[in-house]
Amino acid sequence: MASMSVLFSCFLNQSLLETIFFRRLRKKIGHLNTLKENLNKNFEDLSIFWIGRMKCAEYELWLKEVSEFRSQTTDIKQKFEKYSSSNFCPHVSLLIKLNKSVTSATEKVIILSKSLDVNERSTPDVPVGLMTDPGAKAILSNYPTILKKVLEIERGDFLDIFPDSSETMLVPKLRAGTSTVQILHIILEHLSSADTHMIAICGDNGIGKTTMLRILRSLPKTKEMFEIIIWVTVSRSQSTRKVQDEIAKQLSVRVTADEPDDRVAMRLFNRLVGMKFLLLLDDVLEDIDLMKVGIPNLIHSAGCKVVYSSLHVEVCRNMGKEEVITMLHRSEEESWQLFNDVLGDSMDNNILAKEIIGKCGGLSLAIETVGQALRMSIMRCNPHPWDEVLRELTSPVIPAFELGISSAVVTLSVLKIGYNHLGGDDAKNCFLYSALYTDMIIAEELIDHWVMEGYIGKSETLARSRELGHNMLQQLIETTLLRRGGKQGQVEMHELHRDMALSIATGFLVWNGGSYPDAALDGQWECANRVSLVRCGLRNLPNSPNCPELLTLLLQGNRMLRVIPKDFFARMPQLCILDLSETRIISLPCSISALVNLKALLLRNCERLALLPPEVGRLTQLEFIDLCGTRTSYLPDEFMKLSRLRTLQVTFYGYFENEKQPQIIPDNTISILLDLEELYIRVEPDDIRWEHIVEAVTKELSGLQKLTAIRFYFPTAELCGIFIKESVPWREERLLKFHITIGRRVRRLVTRVTGFGRWSEGWDRKLRFTNGDGPVPDEVKEVLRRANELYLDSHKTMKSLSEFGLGNMRSLKGCLVAECDEIEVLVKEDEQSRDEIAPECDEIEVLVKEDEQSRDEIAPECDEIEVLVKEDEQSRDEIAPEMMFTNLQYLSVQYLLKLVSIWHQPIPGGSFSGLRTLIVGGCSNLEIVIPKEMALNLSNLEELRVFSCRKVKIIIKGSGSEPMLPKLKYLVLFSMPELKRICEEASKWPSLQVVYASSCPKLTRLPLLLDGIPSLGVIGGEENWWHSLTWEEKFMKDDLEPIFYPV
């Protein structure tokens, strides 16, 4: 009997175990089915997107993976149904095996979803393309990898032939007859010659080689010769892989850190072969094997050229040069002219000017540095600026060869003039700190580091400190100690200025180029107070370096760095700034607890970092922590000890269905951070853990008194209402920056909508209102009133933006409206909006409803008021119309299926007068994009892009003797089967630079006049379309043929 009892007990326990396991498995399979349904739903959108398009390899691979996933889930479903139909639970071993399959399938579907998700994940940059004015933004942005590939296939490299928007700011004035212009003509002649493939520009440091390359890149004639111009700054950090990475980025070829160099070379070769390209290599210090980089043989590639600059003649000889152009020092006359350009009215024919210029040795950099220092001294009302500068130039010097300058007349004293005249220790410290970066510097990153180091704004708010930082940056640029980089938002330091800075600074350890610095720097940490190994290919770190004086450690951008030794931080007691951003570390070692003086921990875009160790709680001096772009799933409980934080930026990664998973933010964590000024929280749309805590976090957030900037997701308007009602910084309008999302977001596999969030760096008050239904909540209107960017998407019932109240949108500079299926007219001047515009009209009506006596008592001298009010509605119409959206610069309208008009007629004069960019796409009921009345208001429109509007027959309705869009520069049209005309008749387009039309088969005429297109440089489209066009003037096609680019 005892044995029977034991047997029965075992059977019961086994059965119970299997039943519990079976129920849990059923729940997991239910979750898997939900994910699968979302995948299938969004797969339809993706399939529609690809109709009529060529399929790229990335898309085909994705399709294959989806097919495998579907087969896997079908097998799981069949097994589970078999088990479910049985009278007994299957053996636990079978359930475990099935559970593994479910887990594997769930992981796969999440990966498949994330591979195309653009709502939350950053994506590779799209070539700037169509925008060339400072401050403007690319219209093609936020595309995931596959969609970006589509654009490459559809348009070839058409977009890549346009330079970056900032390059025009880097090109100096050119004067006829100067040596610069003469050399430029020689280079252009060689570029035009079929016998020349490689050109070298040699000369001393600071003589103007980089400037020459920049001028060459910006010239229209250069752009006409080549399909694409590629720029790579090689400098001291020269390596084959670095050159490959930069070329790949500009070609939109995605390269992973693990990919071998030879494979990357093959991919670059395949991309470049058959293409007419110009490769500009700046500051080449050692031989580069172009074949190993992936550059096709130039002799067998017609029209392909390489131009590079180098300090060393030996490099030019070894690289197989065909033409070497040597840049000489400026003549006395040219030096005088450059010095005069820098000083302007301050020259005043001073008798000491020529003597000062003579000390500069004809080097452009020296002349500009000294000239700017003198100008700053004069501006500060120095009583004897000329004598002071000359005295500094004649002081004892350090031999020039120590700086690598061949000319003995240029010394450290000459270059140090700019540093000496900065005016204060803060400015000097900021300049010296900039020397820690050996490559291009992101301006915002540099300013943030200045603030964290305490160089600027020591007792100010972070917002004010950054303002001071921008002023400081501008000062350093004006003195030529820093200069604007090749891309907007970047700065750089000339190599000679960096040498000078590092000779002044003490305790700086900076990687100076060459191969991987792992071993080379192993024994140099002990005396350093600042170590910079930024983007240098670092793979390994010393086990336990002794760094008693180390204050700053910059390791960001080393994608091959995966592991930090466990005792690495053990002997760094004074460390204040630690930047590990964009590395591939998966964890922080326990020795992080030794950094008791750490003020800033920067881990941005450490994509493999999943958890913070509990030891982070010992870093009680922390003021700045950045976890954006990491795989962090929650903050540890010890985070509550970091009460001195001023900035917290975090991305919470992953989906957790089980409520027992850790809470992403421990209770009362936010409320403890009384010094917090900036809070940025990003969560996955389907992370249900956020739903559980968002109300509590909102209430904690509302109690913070020092907030100046937030990024926050409110699933409901009511939650946002708690914040705007209780937050003192919001009520007192001290919240200077915000990125607020209101409405429950839905994860999308792929979105057709592009452009949100990258319109202008100056627009820093963003509102996204998503998945709304019914009347617009008051809380949304309240936020909108202060916003300068609006992204409205997926509203279920809205028929017009006027439902927000036009008065609430006066501050908008950017507006994107997408996938709102009920919107018929974008802006409608209805009674509600009219009353908001001119509420005082109702007051007048009440005033005149009084009898004659009261009217005479109240306003005896206003006899015309009676006439005004007797008109009633007519009078209101005369008063109420007011210019609207006058601040709006960017308007994008995408996939509004019922849209028939942007503005309900009539359009008040002056409305949209500031609009610079208009994008209209996927509006299947729209027939006219810009009616005549609206065209009259778009006097500042620079870019017009229309796509996938299948009923549009004409872009601009109306005609006239004057140009309708006098400032239009870029006109881009594609995928419009019914489009017949751009406008009703040929017109003048004085600013037009680019016309691009693709998949517009019925567009048979371009409304151009030869004498009305002085700026037109590119026409792009299919070759058969080009040959089928009818022209307004005889021989017009022949005249425009040189600027046509087939795509």
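Return the long-range amide H neighbours of Ile902 (sequence gap of 5 or more, or a different chain), with a cut-off of under 5 Å between placed amide H atoms.
So Ile902 has HN proximity to Leu826.
By the gyration tensor of its Cα atoms, with a ≥ b ≥ c the square roots of the eigenvalues, what is the shape of region 533-581: rounded for a/c under 1.5, prolate for a/b over b/c, or oblate?
Numbers: a/c = 2.37, a/b = 1.42, b/c = 1.67.
The shape class here is oblate.
For region 664-795, what are Rg and Dmax over the alpha carbons, in angstrom?
In Å, with Rg to one decimal and Dmax whole: 14.4, 41.
Quick one: accessible surface of Thr797, probe radius 1.4 Å, all protein chains present, in square angstrom to the nearest 10.
So the heavy atoms of Thr797 present about 60 Å² to solvent.
Where Lys and Arg each count +1 and Asp and Glu each count -1, what net charge lies around Trp1026 among other residues with Cβ under 10 Å from its Cβ?
My count for the surroundings of Trp1026 gives -2.
If one computes the Cα centroid of region 444-511 and of region 206-252, what distance in Å separates the two points?
Answer, in whole Å: 24.
Hey, what do the phi angles of region 524-530 turn into as Karplus ³J(HN,Hα) couplings, whole Hz, using 6.51/-1.76/1.60 and θ = phi - 60°, x for Gly and Pro?
Along region 524-530, the couplings run 10, 7, 4, 8, 7, 10, 9 Hz.
So which of Lys957/Lys1034; Lys221/Lys305; Lys221/Lys276; Lys813/Lys967; Lys209/Lys969 end up more than 23 Å apart, counting from Cα to Cα?
Lys957/Lys1034; Lys209/Lys969
Eigenvalues of the Cα gyration tensor times 5, then square-rooted: what semi-axes does that give for region 496-629, in whole angstrom, largest first?
Taking √(5λ) for each eigenvalue gives 23, 17, 14 Å, largest first.
Where does the charge balance sit around Ile955 when Lys and Arg score +1, Asp and Glu -1, over other residues with C-beta under 11 Å from its C-beta?
Summing Lys and Arg as +1 and Asp and Glu as -1 gives +3.
Per residue, how big is the convex hull around the C-alpha atoms of region 562-717? Give it to me in cubic angstrom, could you?
With only Cα atoms used, region 562-717 gives 102 Å³ per residue.
If we restrict to alpha carbons, what Rg and Dmax does region 434-486 come to, in Å?
11.0, 34
List every residue whose amide H lies under 5 Å from the amide H of Val324, counting only residues 5 or more places away in sequence or on a different chain, with H placed 1.01 Å from N in the peptide plane.
Here Ala200 satisfy the definition.
Give me the distance between the Cα centres of region 553-595 and region 253-270, rounded to whole Å.
Region 553-595 and region 253-270 have Cα centres separated by 29 Å.
Using Cα pairs under 8 angstrom and six or more residues apart, how large is the relative contact order of region 899-965, in percent?
38 percent
Over all pairs of distinct alpha carbons, what does the Kirkwood formula give as the hydrodynamic radius of region 914-1002, in Å?
With all distinct Cα pairs of region 914-1002 included, I get 12.9 Å.
The values are calculated or read from the model by the stated rules, or taken from the named source; none is laboratory data. Quick caveat, the model's predicted, so the values are computed rather than measured. Quick reminder, even Gly has a Cβ in these numbers, built from the backbone with ideal geometry, and neighbours come from all protein chains shown. Surface areas here come from the heavy atoms of the whole protein model, side chains and all, with no ligands, DNA or RNA. Shrake-Rupley method; radii C 1.70, N 1.55, O 1.52, S 1.80 Å.
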